[in-house]
Amino acid sequence: GKPVDGLSSWTQRTAKIPVDEYSILRKQFDASKFDADAYAKLAQDAGMKYIILVSKHHEGFCLWKSESTDDDIASTPYSGDLVKELAEACQRRGIRFGVYYSILDWKHPDYVPRLPWDKRSHEPDFDNYVSFMKGQLKELLDIAPSIDVMWFDGEWDDSWTHERGKELYDYVRLLKPSILVNNRVDKGRAGMDGLTRGGEFA
């Protein structure tokens, strides 16, 4: 299709399935066999020092009970909270726990730029989306205070700027000064190498 201004080439190649198709799958999501302690023990036995759980990926679904959206684990047949359960299991076994969180959100009505299949007429307010994201990050640290790592991703769209990245970094470190935050919170990554370019990037 025709390239969309502001969308990275990666997003344009990969985001071809409307998020509404993902949402249908919530009714089938049942993690009743999930055993957080078994995962933590397996990690401990393997000599692992930390675990990073994908708490929210680009399609916007949250693996914790979120107060800010119904696109979360509480809307599925599963009654638990995967983030909270795994965080507590890791803490019991002395394993550091972190969460991956996608800055970009293909589902949220205020995220920009929009994907080609998004035909909503709502005029997006990106500042409102950033406030929503900050609220979710605070939720994560409230339900799992033992989170030691905040692993961001999805910073590549043009809507995310160095100024926003630095401000988000400062916000997360204000919530928990000791937390480790990766360089994808900002725009300093050198391609897909994971290296930070020279400059004042968070």
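The values are calculated or read from the model by the stated rules, or taken from the named source; none is laboratory data. A quick note: this is a predicted structure, and the numbers were derived from the prediction, not measured. Here the Cβ positions follow ideal geometry from the backbone for every residue, glycine too, while neighbour counts run over all protein chains shown. Calculation scope for accessible area: heavy atoms of the full protein, side chains included, ligands and nucleic acids excluded. Shrake-Rupley method; radii C 1.70, N 1.55, O 1.52, S 1.80 Å.
Yes/no matrix, rows are residues, columns are (1) touching a residue at least 40 places away in the same chain (Cβ under 8 Å); (2) part of a helix (DSSP H, G or I); (3) hydroxyl-bearing (S, T, Y):
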residue	(1), (2), (3)
L115	yes, no, no
M133	no, yes, no
L141	no, yes, no
E200	no, no, no
Inset, instruction - Just give me the residues in the stretch 29-73 being out of contact with any strand residue (DSSP E or B) (no Cβ under 9 Å at 6 or more places or on another chain), under 24 Å from V130 (Cβ atoms) and free of Cβ contacts under 8 Å to residues at least 24 places away in the same chain, in sequence order. - result: D70
Inset, instruction - For residues that are at pLDDT 95 or above and either more than 22 Å from D186 (Cα to Cα) or open to solvent by 30 Å² or more (accessible area, probe 1.4 Å) (or both), tally how many sit in the stretch 98-114. - result: 0
Inset, instruction - Would you please name the residue that is nearest to S55 (Cα to Cα), looking only at residues in the stretch 115-156 that are among the hydroxyl-bearing types (S, T, Y) and open to solvent by 40 Å² or more (accessible area, probe 1.4 Å)? - result: S131
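Taking the condition of being buried (at least 17 other Cβ atoms within 10 Å of the Cβ) and part of a helix (DSSP H, G or I), how many residues in the stretch 45-73 meet it? Full working, then the answer.
Here is the first cut: in the stretch 45-73, the ones buried (at least 17 other Cβ atoms within 10 Å of the Cβ) are 51, 53, 55-66, 69, 71-73.
Narrowing further to those that are part of a helix (DSSP H, G or I): 73.
Of the residues in that region, 1 qualify.
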